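Shown next, in structure tokens, is the structure this report addresses.
The values are calculated or read from the model by the stated rules, or taken from the named source; none is laboratory data. Predicted, not measured: the structure shown is a model, and the values here were computed from it. Here the Cβ positions follow ideal geometry from the backbone for every residue, glycine too, while neighbour counts run over all protein chains shown.
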Ligand SMILES: NC(=O)c1ccc[n+]([C@@H]2O[C@H](COP(=O)([O-])OP(=O)(O)OC[C@H]3O[C@@H](n4cnc5c(N)ncnc54)[C@H](O)[C@@H]3O)[C@@H](O)[C@H]2O)c1
């Protein structure tokens, strides 16, 4: 086995990605499977059944049998516990949890922010997208003395508020904060908790905010503002997330790293004038 394989190879590892039908989840799943991992994709199966998501991933990677699908709402503790049992029984013991559930709904002034939507976005990003799955997996790992690893999805909104998306800002800054808190809490069990903060990648939920015309690719004013603010002057591409995903999933590559949030943002955070 060569050095790179030893450091980054994930052969024999089972990894769960929540929000497994999402755009970023698909990119991460591809990198993990190409590195030898088996990936269980968890999602609500609303836009397409999870079997279809699994079929698409097998087609994209040519790795048949490397993916598994589970229908689950990660905002519900009992469902998450059942999904974990099912994954363990059918596919293997997960050692890495990627909290890929999240996204935003709409945009408004502060005064007009609708509280029902606000709660939904907090619930999606903070409770379903971090708290519940992390609680269930950490308790499962502690019981079995497994030195697991959690990878959360933070955002540029974790560092600097994005305009008009109040609940998303609140939730994502909390995700980054609690990544550090949970890292400290679970360190004595050998469990690592880190996060990736992607810049702007076109996902299902943010497309409407950023792209005006799907056919021509014309951007909204907000989409143009993002590109102007990104020193690399483009949206993220799926391959931009491959390295960081494999790095954080590998205990040999990042075994002494916990509580860290790694921006993958084309320089968005270092933009100045
Ligand atoms: N796309 C970006 O530019 C970007 C930037 C920074 C951070 N992020 C974060 O990365 C993560 C993935 O983003 P994306 O753009 O791929 O989003 P996406 O909308 O493509 O995927 C999110 C998936 O989560 C699923 N989901 C939502 N609530 C769920 C629940 N309760 N239970 C199970 N599944 C649920 C959705 O059905 C969807 O398939 C999110 O946390 C997002 O906030 C995205």
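Residues that are touching a strand residue (DSSP E or B) at 6+ places or on another chain (Cβ under 8 Å) and assigned to a helix (DSSP H, G or I) within region 1-26 comprise 24, 25, listed in sequence order. Go through region 239-268 and report how many residues are in a helix (DSSP H, G or I) and surrounded by 15 or more Cβ atoms within 10 Å (Cβ to Cβ). Residues in region 239-268 being in a helix (DSSP H, G or I) and surrounded by 15 or more Cβ atoms within 10 Å (Cβ to Cβ): 13 in total.
For every residue, the table says whether it meets (1) farther than 30 Å from residue 94 by Cβ; (2) assigned to a helix (DSSP H, G or I).
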| site | (1), (2) |
| --- | --- |
| 135 | no, yes |
| 142 | no, yes |
| 146 | no, no |
| 162 | yes, no |
| 186 | no, yes |
| 195 | no, no |
| 202 | no, no |
| 212 | yes, no |
| 228 | yes, yes |
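Scoring residue 224 on the criteria (1) away from the ligand (no atom under 16 Å from the Cβ); (2) in a helix (DSSP H, G or I); (3) over 21 Å from the mean Cα position of the chain (by Cα) leaves a single failure, condition (1). Which residues, counting only those in region 178-211, are more than 15 Å from the ligand (Cβ to nearest atom) and surrounded by fewer than 18 Cβ atoms within 10 Å (Cβ to Cβ)? Of everything in region 178-211, those that are more than 15 Å from the ligand (Cβ to nearest atom) and surrounded by fewer than 18 Cβ atoms within 10 Å (Cβ to Cβ) turn out to be 180, 181, 184, 185, 187, 188, 189, 190. Among the numbered conditions (1) within 16 Å of the ligand (Cβ to nearest atom); (2) modelled with pLDDT of 95 or more; (3) touching a helix residue (DSSP H, G or I) at 6+ places or on another chain (Cβ under 6 Å), the only one that residue 104 does not meet is (2).
Residues that are buried (at least 17 other Cβ atoms within 10 Å of the Cβ) and more than 15 Å from the ligand (Cβ to nearest atom) within region 114-129 comprise just one, 118. Among the residues of region 30-39, is there at least one that is more than 28 Å from residue 253 (Cβ to Cβ) and surrounded by fewer than 22 Cβ atoms within 10 Å (Cβ to Cβ)? Within region 30-39, none of the residues are more than 28 Å from residue 253 (Cβ to Cβ) and surrounded by fewer than 22 Cβ atoms within 10 Å (Cβ to Cβ). Among the residues of region 35-46, is any away from the ligand (no atom under 12 Å from the Cβ), modelled with pLDDT of 95 or more and more than 17 Å from the chain's Cα centre (by Cα)? Yes, region 35-46 contains at least one residue that is away from the ligand (no atom under 12 Å from the Cβ), modelled with pLDDT of 95 or more and more than 17 Å from the chain's Cα centre (by Cα).
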